[in-house]
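Bear in mind that the values in this text are calculations on the coordinates, not laboratory data. In this text the structure is predicted, and so the values were computed from the model without any measurement. Virtual Cβ from ideal backbone geometry, glycine too; neighbours counted across all protein chains shown.
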């Protein structure tokens, strides 16, 4: 992989950035780009700001597939070596909580006014992609609002690469766990089916033996009479 770029959008509506994210995901599914990371920011009418990162969505998907994995995924993506490299805990991007990876990337890369000028009841989106995909993504975002494209600094780039690797490993583990669960279920079903067939066979065999015995008894009775 080469250098990474941050493509950001500010939308004039609270759903504009979400629409942009769906557009980015569609481009990813169709093979036009590859999403490395993203942060979706929304600001309601009261001024309350919420941030949702790719790590949040990914953790929920993994948790849905395998209960108990989400905590480990979140720890691997946001805390630990990745969090340390990205500067997690350095302070909140918009004045609350401890910072996570994508929050740190946005704070260190975007112009300060880009998010400070975010109006109430509006939204913003920042997406990390390889620089070769940045132009195509920004072209899509320009349909929905004001955009900016910037190259990630080395520390942010390294942290994003590490998070990408960890996320890929977790995806593989999740798939492996799902396959194992399905195989175990199939084996259980097969064993149950075998037992069912065996019971049917035994009943059939017993019935056959009983029938044969009854036939012999009846034949002897008829011969005696």
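Counting beta carbons within 10 Å around each of 49, 105, 165 and listing the fewest first gives the order 165, 49, 105. Calculated FRET efficiency, residue 22 to residue 187, Cβ-Cβ distance, R0 = 45 Å: about 0.70 to the nearest 0.05. Among 58, 161, 141, sorting on how many other beta-carbon atoms sit within 10 Å of each Cβ, with the fewest leading, yields 161, 58, 141. Each of 46, 188 has some number of other Cβ atoms within 10 Å of its Cβ, and from fewest to most they run 46, 188.
Given a Förster distance of 30 Å, report the FRET efficiency between residue 50 and residue 30 from their Cβ-Cβ distance, rounded to the nearest 0.05. Before the final figure, lay out each step's value.
Working: r = 29 Å, r/R0 = 0.96.
My answer for the efficiency is 0.55.
Annotation for residue 169 and residue 119: the two label points, set 7 Å from Cα along the Cα-Cβ direction, are 4.5 nm apart. Full extension of the segment from residue 196 to residue 179, taken as 0.36 nm per residue of separation minus the current Cα-Cα distance, would add 3.6 nm. Each principal axis of segment 106-194 carries a Cα extent, and these read 68, 33, 24 Å when sorted largest first.
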